[in-house]
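**Student:** Below: one structure in structure tokens.
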């Protein structure tokens, strides 16, 4: 992970610490190229966590948005999930 990405995640953790009580429900939003394998990789990262996952294809069908509501224990756990799914090619985290 490069320094810029590390700094981003540190800022995110600090912001989450100051704006939320933990554990808390966190909303992840991702956009990926429409590909069943990529979508399943993201969904599997949240398997057995009680996550509510919603997907929606773009009008052209080229991309799929994925919204995931899940209870997370701490800001560190939130960032760990972002890092877990960052290996999915073409993923955009919002």
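Bear in mind that the values in this text are calculations on the coordinates, not laboratory data. Model, not experiment: these values are computed from the prediction. Heads up, the Cβs are rebuilt from the backbone with ideal geometry, glycines too, and the neighbour counts pull from every protein chain shown.
**Student:** Just subtract the alpha-carbon distance of residue 29 and residue 1 from 0.36 nm times their residue separation and send over the number in nm, one decimal.
**Tutor:** Full extension from residue 29 to residue 1 adds 8.0 nm.
**Student:** Here's something else I'd like to know. Using only Cα atoms and rounding to the nearest 10 degrees, what angle (0 to 90) does helix 3-19 make with the longest principal axis of the chain?
**Tutor:** Approximately 70 degrees, to the nearest ten.
**Student:** Let me ask something additional. Simple spin-label model, 7 Å along Cα-to-Cβ: residue 55 to residue 94 in nm?
**Tutor:** 1.6 nm
**Student:** Next up: Among 25, 39, which comes first, second and so on when ranked by fewest other beta-carbon atoms within 10 Å?
**Tutor:** Result, fewest neighbours first: 25, 39.
**Student:** When 30, 8 are ordered from fewest to most other Cβ atoms inside 10 Å of their Cβ, what list results?
**Tutor:** In increasing order of surrounding Cβ atoms, one gets 8, 30.
**Student:** Which ordering of 13, 59 is given by a fewest-first count of other beta-carbon atoms within 10 Å?
**Tutor:** Exposure proxy ranking, most exposed first: 59, 13.
**Student:** Going by the alpha-carbon gyration tensor, a ≥ b ≥ c the square roots of its eigenvalues, is the stretch 3-93 rounded (a/c under 1.5) or, if a/c is not under 1.5, prolate (a/b greater than b/c) versus oblate?
**Tutor:** Prolate, because a/c is 1.5 or more and a/b exceeds b/c.
**Student:** Follow-up. Calculate the all-directions average of the projected area of the stretch 13-61's alpha-carbon convex hull, and give it in nm².
**Tutor:** Quarter of the Cα hull surface area: 4.6 nm².
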